[in-house]
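**Student:** Just dropping this structure here.
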Amino acid sequence: MSRVIAIVQARVGSTRLPGKVLRALNGEPAIIHVMRRAAVCPLLSVVHLATSTSPENDPLERLAKEHDWPCYRGSEQDVLSRFVDIVRSDRPDVVVRGSGDNTAVDPEVIRLTIEKLQRERLDVCSPFLDDYTYPFGAGAEVSTADCLLRLDADTRDADPSYREHIHFYAYDHRDRYRVSGLDAPPGLSRPDIRISVDTLKEFEVMEAIYRRLAHRKSLFSLAELIHVWDELRAEAIKGGEK
């Protein structure tokens, strides 16, 4: 049976919204919701937190200790090296790349992406590839561990951006890597929705969604999120008409 793990990359520093992973959603730091939601996926054996050795990320390590998350600290810019070090230590077959930006990552989308990767024997599968259909930020990229090791070897003398955005080299070299996207079913096909947080405005939208779904204790479904998103948008339009 395959061992599948998730690695959530996160750091406190951010050009557009510093400290966003520690900002509160329903009274808890956003990163807690990311880790909690990813861990719900039944195919995952463990969810690692991967951050850098910069002192500003010390609060993330403290949270990891409080919540018993495996935490690895490595290079600030060479994100791929963090993943490769965890792969060599944990020895998984499949790796899910989570992001601290995706505060409403959906465990069901993660499951479907893992299953497609394994079913079609892909190197990388992503819900956000090319003409994606899921709300941006609702899922995660999934690759084999062997793929990450190949990427590590192939990008050592390549553009440094390939070390920061760990699957981009595979996307740019599809003659060498088996890559595929994941299409959303009709009810969840909403590429107009962005739930990956980069700005204060985007975070405020997520705050509003989490407040309205507080009774779900951060484990709401993607369908519920879309419903609330549409409610909030309708209310904003109606309010603008007054």
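**Student:** Place a +1 charge on the Cβ of each Lys and Arg in the chain and a -1 charge on the Cβ of each Asp and Glu, then give the dipole magnitude about the Cα centre in debye, rounded to the nearest 20.
**Tutor:** 540
**Student:** Using the alpha-carbon atoms, what tilt in degrees (0 to 90, nearest 10) does helix 107-119 show relative to the longest principal axis of the chain?
**Tutor:** In the chain, helix 107-119 runs at an angle near 30 degrees to the longest axis.
**Student:** So, R0 is 25 Å and r is the distance between the beta-carbons of R121 and H165; what FRET efficiency does that work out to, to 0.05?
**Tutor:** 0.60
**Student:** Okay, next question. Compute the angle between helix 200-212 and the longest alpha-carbon principal axis of the chain, please, reported from 0 to 90 degrees and rounded to the nearest 10.
**Tutor:** 70
**Student:** To continue, here is another question. Provide the FRET efficiency to the nearest 0.05 for the D183-A223 pair, computing r from the beta carbons and using R0 = 22 Å.
**Tutor:** For R0 = 22 Å, the calculated efficiency reads 0.85.
**Student:** Tell me the accessible surface of K238 in square angstrom (1.4 angstrom probe, heavy atoms of protein chains only), to the nearest ten.
**Tutor:** About 130 Å², ignoring ligands and nucleic acids.
**Student:** Taking amide hydrogens as modeled 1.01 Å from N in the peptide plane, which residues meet the under 5 Å criterion relative to L129, leaving out close sequence neighbours?
**Tutor:** L182
**Student:** Just to verify a number: FRET efficiency for E76 and L149, C-beta to C-beta distance, R0 = 25 Å, to 0.05?
**Tutor:** FRET efficiency, E76 to L149: 0.70.
**Student:** Probe 1.4 Å, all protein chains in place: accessible area of I86 in Å², nearest 10?
**Tutor:** Rounded to the nearest 10, that gives 10 Å².
**Student:** Answer with one residue from A38, L60, A50: the one whose Cα lies farthest towards the positive end of the charge dipole of the range 1-70, charges on Cβ with Lys, Arg +1 and Asp, Glu -1.
**Tutor:** It is A38, whose Cα lies furthest towards the positive end.
**Student:** Taking the DSSP beta bridges in the chain as the whole, what percent of them are antiparallel, to the nearest 5?
**Tutor:** 30
**Student:** Can you pull the accessible area of V34 for me, 1.4 Å probe, Å² to the nearest 10?
**Tutor:** Per-residue accessible area (V34): approximately 0 Å².
**Student:** Just want the answer: with Cβ charges of +1 for Lys and Arg and -1 for Asp and Glu, which residue in S180, Y162, L149 is farthest toward the dipole's positive end in the range 133-195?
**Tutor:** The listed residue farthest towards the positive side: S180.
**Student:** Keeping every protein chain present and rolling a 1.4 Å probe, give me the accessible area per residue for the range 1-78 in Å².
**Tutor:** 47
**Student:** Shifting gears a bit: May I ask you to compute the full-extension gain from E28 to H215, defined as 0.36 nm times their residue separation minus their alpha-carbon distance, rounded to one decimal in nm?
**Tutor:** 65.9 nm
**Student:** Leaving ligands, DNA and RNA out of it, rank M1, M35 by accessible area with a 1.4 Å probe, largest first.
**Tutor:** Descending accessible area places them as M1, M35.
**Student:** Would you grab the residues whose amide H sits under 5 Å from the one on G98? Only those 5+ places off in sequence or on another chain, please, with H modelled 1.01 Å from N.
**Tutor:** I7, V8, Q9
The values are calculated or read from the model by the stated rules, or taken from the named source; none is laboratory data. Here the structure is a predicted model, which means the values were calculated and not measured. Please note: Cβ atoms are built from the backbone with ideal geometry, for glycine as well, and neighbour counts cover all protein chains shown. For accessibility, only protein heavy atoms count, side chains too; no ligands or nucleic acids. Shrake-Rupley method; radii C 1.70, N 1.55, O 1.52, S 1.80 Å.
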